[in-house]
Structure formats: structure tokens, C-alpha cells
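Read through the structure below, which is laid out as C-alpha cells, and then see the notes.
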Amino acid sequence: MFTDVIALTMAIGDKRLAEKILEIMNFEEVEEGDLIEAMRMKPSELRRILYIMQEENLAIRTKIDIDREEGIRKVYWKLNGKEFSKYVAKRLREAIDDLSRYLQKQNGTEFYVCASDPSHRRITLDEMMKIISSEKGAVCDVCGAMLVPVDKERVKRTVDGYIRILKEALEIFEGRFKSHGGTSF
Ligand SMILES: [Zn+2]
């Protein structure tokens, strides 16, 4: 159950919605119209989410019934539970890769940020040199504080910490996946 919520939340970016989908679909075949009604969502919005889940192989369109006389088209969906752990592991691996790449980039580049709030401004050393040679001076556009070099060691320690946590999480998910053949825990 825990993995299910994590997997769907990672895919659609909304935990409450993920929980609701899990509760209603419950790994049974569900007709799209019934699902729209139960979720109380706009059909277009629900379909957008179903397609995201389908794209990630977390939901499968099981069948389409067409009643030509009535002109009704019924689409059926089912959650693809055996893929959930794999999907979480994949996303964790991607996050680890992204952070590792970020760290490598940090190693090569010198950045300067606003001394009072780093989110104000972030520039490279090259840009810093240009600013110094201009009349404006090396200050933050937003608050006027000085621009200072980023403390790379501190950033590296923080990101290293995140990578370690993600790797531990990945180990757990991969372990679960191997020992339970992909079922949820
Ligand atoms: Zn500032």
C-alpha cells in the first residue's frame, strides 16, 4: 500500500489524488465513466491523469466496448500493480543521476549568489567578471546585497546527503522488488 501511494504520487504529482485513485480503482477493472463519477473530476482532467499513468505503465487500458446501436463507447482501466515498485526504483535512480550530474557541474563552475538570499541571484564567474567591469557593481539586483561565491563544500555536503538517502531508499525498493516479485508492501 505504501509503495502504491509513492508510485502514483511520483507519477501524477498529487498525493491526495493518488490515494483517491487507489481507493476507487483498487486494482480492479474500472469503467472510465464510473471512475469519472466516483472521482468527481472533469472527464478531460481524469483522462489526462490516466494517460500519464498509462505512459508510465502504471495503468492499463484493458478493453474498449463499443455499442454501435446505442452509440456508446466504454473504456476500461486497471492499475498495473506489478510495475509500481519498479517505477519507484526508476524514479529514485533518475533523481540520484540528476543530483550526481549537478555535483559534477558544480565542481567545474564557480557560482556567485546574493549574500542575503541565494534565491535572488545566481551567476557564473564569467558573468561576475562582466558585472565587475561594468558600472553597476557586483551587487544583487533584488536587494542590493553583495554577491559572494557559493560555498561549494557546504552545497556538496548537502547534495551528498540527499544522494545517500536516495540510494538507501532505492536499495529498499529494489530489495522489495526482488523478494516479492514486484508486489506492493
Ligand atoms: Zn539579494
Take the residues in region 49-75 that are surrounded by 13 or more Cβ atoms within 10 Å (Cβ to Cβ) and basic (K, R); name whichever of them is farthest from the chain's Cα centre (by Cα).
K74
So which residues in region 16-31 are surrounded by 12 or more Cβ atoms within 10 Å (Cβ to Cβ) and modelled with pLDDT of 95 or more?
L17, A18, E19, K20, I21, L22, I24, M25, E29, V30, E31
Across region 51-70, what is the total count of residues that are within 23 Å of F84 (Cβ to Cβ) and either touching a Leu at 6+ places or on another chain (Cβ under 8 Å) or part of a strand (DSSP E or B) (or both)?
7
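For region 102-114, check the following and say yes or no: at least one residue is within 9 Å of the ligand (Cβ to nearest atom) and modelled with pLDDT of 90 or more.
Pass one, region 102-114, residues within 9 Å of the ligand (Cβ to nearest atom): 113-114.
So of that shortlist, the ones also modelled with pLDDT of 90 or more come out as 113-114.
Yes: one or more hits.
Test L125 against the criterion of being in contact with a strand residue (DSSP E or B) (Cβ under 9 Å, 6 or more places away or on another chain) and away from the ligand (no atom under 16 Å from the Cβ), and give yes or no.
Values: in contact with a strand residue (DSSP E or B) (Cβ under 9 Å, 6 or more places away or on another chain): yes; away from the ligand (no atom under 16 Å from the Cβ): yes.
Yes: the conditions hold for L125.
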Exactly one condition in (1) of a type outside the set (S, T, N, Q); (2) within 16 Å of the ligand (Cβ to nearest atom); (3) surrounded by 16 or more Cβ atoms within 10 Å (Cβ to Cβ) is false for D117; which is it?
(3)
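The values are calculated or read from the model by the stated rules, or taken from the named source; none is laboratory data. Remember, it's a predicted structure, so these values are computed and weren't measured experimentally. Cβ atoms come from the backbone with ideal geometry, glycine included; neighbour counts cover every protein chain shown.
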